[in-house]
Amino acid sequence: MRTSNRGLRAACAVAAVTALLSACGGEPSPSPAPVAAATPVVTPNPHLSAPASVDAVFRWIGAHGIRITANTASGGANGEPVKVISATYTDWPLVMTQFTTADALRKIGRFDPKTRPRPGEAPYILAGMNILVEFGPSSTNDPSPTKADPARRAALEALVAALDPIVGPLTLRSVDPVAVPHATTLPSLAPSATTSAAPSPAATRKP
């Protein structure tokens, strides 16, 4: 029987494909298995619950590169303030005070964010929740609290950055501007948007 040229060519093509598959292992390579998406890592929120503990604040900032030497710790009369930690940071005094509430901090701690530090107060005073932090020397003899030099200012900024995640938003009273993340003005002390504050008797008294 004679084989046509078309049939011969088809037979040759089949033989060629068979030979190619045999040379490559005989089976096509399997498709790669799908890669599962990575599970996102949830970072816990370190912010403390109110009322915050000054001991927890002290441990936190010490664990985050703030080198502080604690000198004394004490409590206040009648339980207010709850605890005071007197320490040293970059050879400057650092006082951390725990009050029972943020309201007690404002009233008993006499913290008014609308006023600059006065003689006898530290040059940098931070408030977050019920925690008050005072950085720098306090002297009633100086006409104005001492400003921080560049090295101590950098140390202050590091302290602010460590405090913000746990007791922020922070409110600052200072002798010169300092960048504070998530800074806020205490609502009870913010001026009203519709009414102006009445002048104090001292301001209206004639000489």
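What follows is calculated from the coordinates using simple rules that are stated; it is not laboratory data. Quick caveat: nothing in here was measured; it's all calculated off a predicted structure.
Taking every alpha-carbon pair under 8 Å whose residues sit at least 6 apart, segment 54-183 reaches a relative contact order of 21 percent. Eigen-decomposition of the gyration tensor built on the alpha-carbon atoms of segment 74-130 gives equivalent ellipsoid semi-axes of 18, 16, 9 angstrom, largest listed first. When Rg and the Kirkwood radius Rh are both evaluated on Cα atoms of segment 54-183, their ratio Rg/Rh stands at 0.92.
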